[in-house]
Amino acid sequence: EDKQITYVYEEVKGSVVVNYVTTDGTVLQAPVTDTPETSTGTPYDTTDVMPGTITTADGKTYKLVPSLTQGSETGDVVPGVTEVTYVYEEVKGSVVVNYVNTAGEVIAPQVVDTKTTSTGTDYDTTDNKPTKITTEDGTVYYYKEVQAGSNETGTVVEGTTEVTYVYEKAGSVTVNYVTTDGTVIQSPVKDEENAEPGKTYSTEDNKPTTITTEDGKTYKLVPNLTTGEENGTVTSGEDKQITYVYEEVKGSVVVNYIDTEGNVIKAPVTDTPSAPTGIAYDTTDNKPTTITTEDGTTYDLVLVLTKGSETGTVVEGET
């Protein structure tokens with residue numbers, strides 16, 4: 001008899017599974033079976049299921065940290081389940097706002113609009129966009145535009161997102177008052193000071209027809225001598241000059257001599273020749289008590305019938 005003893009064997013197989021976790025062990029996405037159950041010794045390579053970044057359902061992005069990978073990415077299948085674990089760290093970013101003038105010069109400190117946070121987070125920098133900025137030296141700027149390439153709103157991406165706002169220097173309008181020979185007769189007036197570029201202005205409200213100086217002299221406007229743009233718009237970085245030119249208003253005082261019937265009995269006398277207005281005059285030195293005409297007739301002064309003010313100050317024209 002030849003007795004038969006039979007041993008039964010089953011093939012030893014193995015599989016390879018890839019896991020995806022964060023640095024604190026949180027599962028980022030479901031494990032992937034890189035190599036389903038197969039014969040031991042079969043080569044495997046998990047790098048084809050190794051994404052560089054993973055974006056989760058909540059919009060957060062994670063990037064691979066190669067040095068933290070657990071297990072062998074390549075090798076031969078061994079009995080059982082071989083696990084390879086890829087470790088990821090969250091990708092974060094921030095948003096900062098810069099303020100520059102039209103020449104690209106910084107005019108205010110940078111502001112952190114959004115501190116370091118998860119990518120995909122919404123941001124909006126418009127709450128950090130002032131209409132007006134005054135620098136330490138007193139220079140005033142007004143908002144003009146967003147620098148090309150900057151996005152005021154969006155979602156945070158990896159790294160630092162910079163949004164740059166551009167400002168233009170304010171402008172002014174000054175009104176000057178001079179005589180025909182250039183002498184200043186009144187302090188300049190700021191019709192617009194540190195105003196927003198593009199703002200319309202009119203200096204008509206700062207254009208007096210006459211000006212009386214402290215010494216009592218009066219000057220009147222000579223419209224056709226005005227220089228500068230009386231109506232217009234404020235220009236960035238410019239102090240527009242409008243100059244109104246005045247000529248002195250003068251007057252004279254003439255004394256007449258007539259009889260009670262209105263007849264001239266003596267040639268008029270210029271008591272005060274052309275002189276600045278405001279100058280005091282007194283005609284009493286040209287007031288004879290009697291007048292004798294060429295025909296020998298004598299006339300006595302009748303004080304109560306005097307017409308006009310014997311004393312006073314010179315006014316425009318002839319008194």
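The values are calculated or read from the model by the stated rules, or taken from the named source; none is laboratory data. Predicted model, so just to flag it, every value in this text is computed and none were measured. All Cβ positions, even for glycine, are placed from backbone atoms using ideal geometry, and neighbour counts span all protein chains on display. Ligands, DNA and RNA are excluded from the accessible area calculation, which covers all protein heavy atoms including side chains. Shrake-Rupley method; radii C 1.70, N 1.55, O 1.52, S 1.80 Å.
Could you grab the pairs with beta carbons closer than 9 Å, sequence gap of 6+ or different chains, first residue in the stretch 168-189 and free of Cβ contacts under 8 Å to residues at least 12 places away in the same chain, second one part of a strand (DSSP E or B) and open to solvent by less than 10 Å² (accessible area, probe 1.4 Å)?
Cβ pairs passing all conditions: VAL184/TYR177; SER187/TYR177.
Would you check which residues across the stretch 99-111 are of a type in the set (Gly, Ala, Ser) and either open to solvent by less than 40 Å² (accessible area, probe 1.4 Å) or assigned to a strand (DSSP E or B) (or both) and list them? Explain how you work it out, then say what you get.
Restricting attention to the stretch 99-111, the residues satisfying the condition of being of a type in the set (Gly, Ala, Ser) are 103-104, 108.
The one that is of a type in the set (Gly, Ala, Ser) and either open to solvent by less than 40 Å² (accessible area, probe 1.4 Å) or assigned to a strand (DSSP E or B) (or both): ALA108.
Which residues, taken from the stretch 257-277, are in contact with an Asp or Glu (Cβ under 7 Å, 6 or more places away or on another chain) and more than 13 Å from THR297 (Cβ to Cβ)? Walk me through how you get there before you give the answer.
The first filter runs over the stretch 257-277 and keeps only residues in contact with an Asp or Glu (Cβ under 7 Å, 6 or more places away or on another chain), leaving 265, 276-277.
PRO276, THR277, listed by residue number.
Of all residues being in a loop (DSSP other than H, G, I, E, B) and open to solvent by 60 Å² or more (accessible area, probe 1.4 Å) in the stretch 283-305, which is farthest from THR272 (Cα to Cα)? Just the residue, please. Don't jump to the end; show me each part of the working.
Initial filter on the stretch 283-305 (in a loop (DSSP other than H, G, I, E, B)): 287-289, 293-297, 301-302.
Filter once more, keeping what is open to solvent by 60 Å² or more (accessible area, probe 1.4 Å): 287, 289, 294-295, 301-302.
On the way: LYS287: 14, THR289: 20, GLU294: 26, ASP295: 29, LEU301: 21, VAL302: 23 Å.
Checked the stretch 283-305; the qualifying residue farthest from THR272 (Cα to Cα) is ASP295.
Checking the conditions here, which among THR114, THR135, THR161, THR121 is polar (S, T, N, Q), touching a residue at least 24 places away in the same chain (Cβ under 8 Å), over 30 Å from GLU89 (Cβ atoms) and open to solvent by less than 80 Å² (accessible area, probe 1.4 Å)? Step through it out loud before you land on a result.
Values: THR114 fails: over 30 Å from GLU89 (Cβ atoms); THR161 fails: over 30 Å from GLU89 (Cβ atoms); THR121 fails: over 30 Å from GLU89 (Cβ atoms).
Answer to the selection: THR135.
Using the structure shown, decide if THR243 is part of a strand (DSSP E or B), in contact (Cβ under 8 Å) with a residue 40 or more places away in the chain and surrounded by 15 or more Cβ atoms within 10 Å (Cβ to Cβ).
Working: part of a strand (DSSP E or B): yes; in contact (Cβ under 8 Å) with a residue 40 or more places away in the chain: yes; surrounded by 15 or more Cβ atoms within 10 Å (Cβ to Cβ): yes.
So THR243 passes the test.
Has the stretch 245-261 got any residue that is hydroxyl-bearing (Ser, Thr, Tyr), within 51 Å of the chain's Cα centre (by Cα), at pLDDT 95 or above and within 30 Å of ASN101 (Cα to Cα)?
Taking the stretch 245-261 first, the residues hydroxyl-bearing (Ser, Thr, Tyr) are 246, 252, 257, 260.
Then drop every residue that is not within 51 Å of the chain's Cα centre (by Cα), which leaves 246.
If we keep only those that are at pLDDT 95 or above as well, we get 246.
Filter once more, so that each one left must be within 30 Å of ASN101 (Cα to Cα): none.
No, there is no match, as no residue in the stretch 245-261 is hydroxyl-bearing (Ser, Thr, Tyr), within 51 Å of the chain's Cα centre (by Cα), at pLDDT 95 or above and within 30 Å of ASN101 (Cα to Cα).
Do the conditions hold for ASP181, that is, is it in a helix (DSSP H, G or I) and either over 30 Å from GLU145 (Cα atoms) or in contact with a Cys (Cβ under 7 Å, 6 or more places away or on another chain) (or both)?
Values: in a helix (DSSP H, G or I): no; either over 30 Å from GLU145 (Cα atoms) or in contact with a Cys (Cβ under 7 Å, 6 or more places away or on another chain) (or both): yes.
No, not satisfied.
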